[in-house]
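Notes for the one structure printed next.
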Amino acid sequence: MKRAISLLALAACLHAGAQPAPLHPPAAAPQAATATGAQQFTLKNGMQLIVQPDRRAPTAVHMVWVRVGSMDEVDGTSGVAHVLEHMMFKGSKAVPPGEFSRRVAALGGQENAFTSRDYTGYYQQIPAERLADVMQLESDRFAHNQWPDEEFKKEIEVVKEERRMRTEDQPRAALIEQLYAVTFIASPYHRPVVGWMSDLDAMTPDDVRQFHRHWYMPRNAVVVVAGDVDPEQVRQLAEKTYGAIPDRAVPARKPRTEPAQKGLRRIAFKAPAEQSYVALAFRVPGVERIDAMQDTDRDGLALLVLSAVLSGYDGARLERALTQGADRVADGADSQASVFGRGPALFLMTGVPAAGKTAAQVEEALRAEVARIAREGVSEAELSRVKTQWAASTIYARDSLQSQASDLGSNWVQGLPLDADDRILKLLRGVTPAQVQSVAARYFGDDQLTIATLLPQPVAPGAQRAAPAAGDRMH
């Protein structure tokens, strides 16, 4: 809304020989910009703002990313980052419990939130003309999250049910939880994002309030807006809303460096299930920098390409070798290179034994495919196919405002530059067959490996529990 200036004030300025005050402050130069038009600003309190204009539809996605997740918790309060995410919907000094979501819906918008090991995020997709309304709502709860203890007592039960449904009642998810707990010792990645049930049982309202006070400050967050917007107008809105939040220093984070693994670790996990399942977790280097890259950063990118060669497309190596033919060993096989993040990196390979086959046979087959690449290498044609698919998926993702905003937010959390997606794509295009063969030969030995095997137990009749009530929010 334009700010009016009174005729008396204007006359006084002219009488004094001064120039009239501008109706709007001068446009601020962005501190960074990309070829796609994204611009990054720093608000007066240190909070970051990223704006990605996209005029194709009169809508906008508004997100707040906080650089805090389960890796910032301490023992005894695991899951508190995720619980706080739930409680952020329960009110502020100005907005009573339940009113935030009702107001967003009344604006014609949709909203939700998410928590990971590295970050917590909140978003709304709304008509672009209602952006100022959601910025006011979101900045208010960011700064003034407030709710009665009774709201916490109800919501913590929702979180416990979420843990039961998504982990304890899902044998493979429960096995992966155990795998992380054994793979990582010093790193907080060994704790589950949802928290251990005993910690949820013991959690108090003040645990959650303290976590909010400790981590939710402007310098630890970024606002991302993508859609039919003008960057300078968004910056001015952000200064009026988020910029009014008092500045505070971000608490020092102590390093919790994972010690080198010095031998194979193996766990057997028993759970009611129809099929066995095996997961292999290899400790590998991650990508920390994409500008002044070190050898380990280049290895991280090569590992990302290796994973794509193994399972990045229909008919990739793992599918052809393990799941096809009359004597196939697996019903399914996959790989994943988690090389970006605030914590240690991991290369994960998983498989489901086919009828008549064992988890040990799947484990052997998975490792054999990596060993084959280490011995024989990969072809330029394989890499060309992977790189073409990456380029296409990067372009297609830009059709989604949600994807654009999510990429910008997650890159900021990891300390990557504003144009990280384009830079990473360029770097991946430069990965050679020799680099892929090299990482396959160097990072898949026993010393950095943890193996988890699901041992199926009989499924009790009627063990399936009822789904939660429709009003219970699951994030």
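What to note about this one:
- Spin-label model, R372 to R213: label points 7 Å out along the Cα-to-beta-carbon direction sit 5.9 nm apart.
- Student exercise, region 94-210 dipole from Lys, Arg, Asp, Glu Cβ charges, in Debye to nearest 20: 300 debye
- Percent accessible area from carbon and sulfur atoms, region 326-430, protein chains only, probe 1.4 Å: 49 percent
- Charging the Cβ of each Asp and Glu at -1 and of each Lys and Arg at +1, and nothing else, the dipole of the chain about its Cα centre rounds to 540 debye.
- Partner lysines for K153 [C-alpha distance under 22 Å; skip if fewer than 8 residues away on the same chain]: K90, K93
- Cα→Cβ-extended label distance, 7 Å offset, between V182 and D399, nm: 4.3 nm
- Spacing of the two label points (7 Å from each Cα toward its C-beta) at T358 and D169, in nm: 3.4 nm
- Label zone (T296, point 7 Å along Cα-to-C-beta; backbone nitrogen cut-off 20 Å) within region 243-258: 253-258.
- The fraction of Cα-Cα pairs per 10 angstrom bin, counted from 0 for the chain, comes to 4, 17, 25, 26, 18, 7, 2, 1, 1, 0 percent, rounded to whole percents.
- Fully extending the segment from T204 to K44 would add 54.2 nm, taking 0.36 nm per residue of separation and subtracting the current Cα-Cα distance.
- At an R0 of 25 angstrom, the distance between the Cβ atoms of D447 and R253 translates into a FRET efficiency of 0.30.
- Label zone at V74, where the point sits 7 Å out along the Cα-to-Cβ direction: region 253-286 residues whose backbone N lies under 19 Å: 253-257
- Rolling a 1.4 Å probe across the protein heavy atoms gives the chain an accessible surface of 47 Å² per residue.
- Bins of 5 Å from zero: percent of alpha-carbon pairs in region 216-280: 3, 10, 13, 10, 8, 7, 7, 9, 11, 10, 11, 2
- Here region 325-475 has an Rg and Dmax of 20.2, 55 Å, counting Cα atoms alone.
- Between region 343-369 and region 137-176, the alpha-carbon center distance in angstrom: 32 Å
- Rounded to 10°, Cα long-axis angle of helix 295-311 versus longest principal axis of the chain: 70 degrees
- Reachable aspartates and glutamates from K262, criterion Cα separation under 17 angstrom, eight or more residues apart if same chain: D446, D447
- Debye-sum result for region 136-228 in log10 I(q)/I(0), which assumes one identical scatterer on each alpha carbon, at q = 0.12, 0.18 Å⁻¹: -0.57, -1.03
- Within the shell of other residues whose beta carbon sits under 14 angstrom from the beta carbon of D446, the net charge comes to +3, with Lys and Arg scored +1 and Asp and Glu -1.
- Value of Rg to Rh for region 252-358 (Rh from inverse mean 1/r over Cα pairs, i.e. Kirkwood): 1.05
- Projecting the Cα atoms of G300, L418, L348 onto the dipole axis of the chain, where Lys and Arg carry +1 and Asp and Glu carry -1 at the beta carbon, places L418 farthest toward the positive end.
- Rounded Å value of the spacing that divides the Cα centres of region 412-448 and region 67-100: 34 Å
- For K44, the lysines whose Cα falls under 17 Å of its own Cα, not counting residues fewer than eight places away in the same chain, are K240.
The values are calculated or read from the model by the stated rules, or taken from the named source; none is laboratory data. Being a predicted model, the structure only gives us computed values, none of them experimental. No Cβ is skipped: glycine too gets one built from the backbone with ideal geometry, and neighbour counts run over all protein chains shown. Note: accessible area is taken over every heavy atom of the protein model, side chains too, but ligands, DNA and RNA are not part of it. Shrake-Rupley method; radii C 1.70, N 1.55, O 1.52, S 1.80 Å.
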